[in-house]
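Working notes, beginning with the structure itself.
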Amino acid sequence: DSLKKRLGANGSVKKFDIDNNIFFTQKDVREVQLAKSAVHAGITILLKEKGINFSDVENVFIAGGFGNFMNIESALNIGLIPREFSGKVKSIGNSAGIGARMCLLSKTLRDELEDIIEKTSYVELSGRKDFQDHFVDSMMFGG
């Protein structure tokens, strides 16, 4: 009953009152659904490109504001992060800023970074048919 009281509508727009007139609408649900599907599909494609399975991944690092404020368990529950990564996900904050400082202060870390750069390749997702297929397959909440 307490949740039911928080449901409402503004004209034809249905909404859920989160707190003090902060609302979550059907449009917001759709935006989360699209973002979740794109992230999940991207992860699936990257694993496929590397020729590895979910079980081969030891750690998943979520960086920046996105990772700082994400509830990892909720992200796993809706399928934003594949359930197969449960227990492997870590929020690491401002990794770009910290990494830049570390590289400025350490020649050894700069050399390690050069090795990583040489092994790194760009994967364009937007034009791939398999991305579109995985995107559609990932639309439902819960994975």
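The values are calculated or read from the model by the stated rules, or taken from the named source; none is laboratory data. Computed from a prediction, not measured in an experiment: that's the story for all the values here. Backbone-built Cβ (ideal geometry, glycine too); neighbour counts: all protein chains shown. Surface accessibility is based on the protein's heavy atoms, side chains included, excluding ligands, DNA and RNA. Shrake-Rupley method; radii C 1.70, N 1.55, O 1.52, S 1.80 Å.
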Exception for residue 118 within (1) under 17 Å from the mean Cα position of the chain (by Cα); (2) at pLDDT 95 or above falls at (1)
Restricted to the range 83-109, and to residues that are closer than 25 Å to residue 140 by Cα and part of a helix (DSSP H, G or I), which residue is least open to solvent (accessible area, probe 1.4 Å)? 85
Kindly provide the set of residues from the range 60-75 that are open to solvent by less than 70 Å² (accessible area, probe 1.4 Å) and either over 18 Å from residue 134 (Cβ atoms) or of a type in the set (Ser, Thr, Tyr) (or both), ordered by number. 62, 63, 64, 65, 67, 70, 72, 74
Every residue in the range 54-82 that is in a helix (DSSP H, G or I) and either of a type outside the set (A, V, I, L, M, F, W, C) or over 22 Å from residue 33 (Cβ atoms) (or both), please. 55, 56, 64, 65, 67, 68, 73, 74, 77
What are the pairs, 6+ residues apart or on separate chains, where a residue within the range 130-143 that is within 20 Å of residue 74 (Cα to Cα) and hydroxyl-bearing (Ser, Thr, Tyr) has its Cβ under 9 Å from a residue that is assigned to a helix (DSSP H, G or I) and open to solvent by 50 Å² or more (accessible area, probe 1.4 Å)? 138/39
Test residue 22 against the criterion of being open to solvent by 80 Å² or more (accessible area, probe 1.4 Å), without any contact (Cβ under 8 Å) to a residue 24 or more places away in the chain, among the β-branched types (Val, Ile, Thr) and over 24 Å from residue 120 (Cα atoms), and give yes or no. yes
Say whether the condition of being in contact with a strand residue (DSSP E or B) (Cβ under 9 Å, 6 or more places away or on another chain) and charged (D, E, K, R) is met by at least one residue in the range 125-136. no
Among the candidates 80, 76, which residue alone is closer than 24 Å to residue 138 by Cβ, touching a strand residue (DSSP E or B) at 6+ places or on another chain (Cβ under 9 Å) and modelled with pLDDT under 95? 76
Scanning the range 26-53 residue by residue, those assigned to a helix (DSSP H, G or I), farther than 29 Å from residue 9 by Cα and open to solvent by 50 Å² or more (accessible area, probe 1.4 Å) turn out to be 39, 46, 48, 49, 50
Collect the residues in the range 79-96 that are of a type in the set (A, V, I, L, M, F, W, C) and under 11 Å from the mean Cα position of the chain (by Cα), keeping them in residue-number order. 80, 81, 89
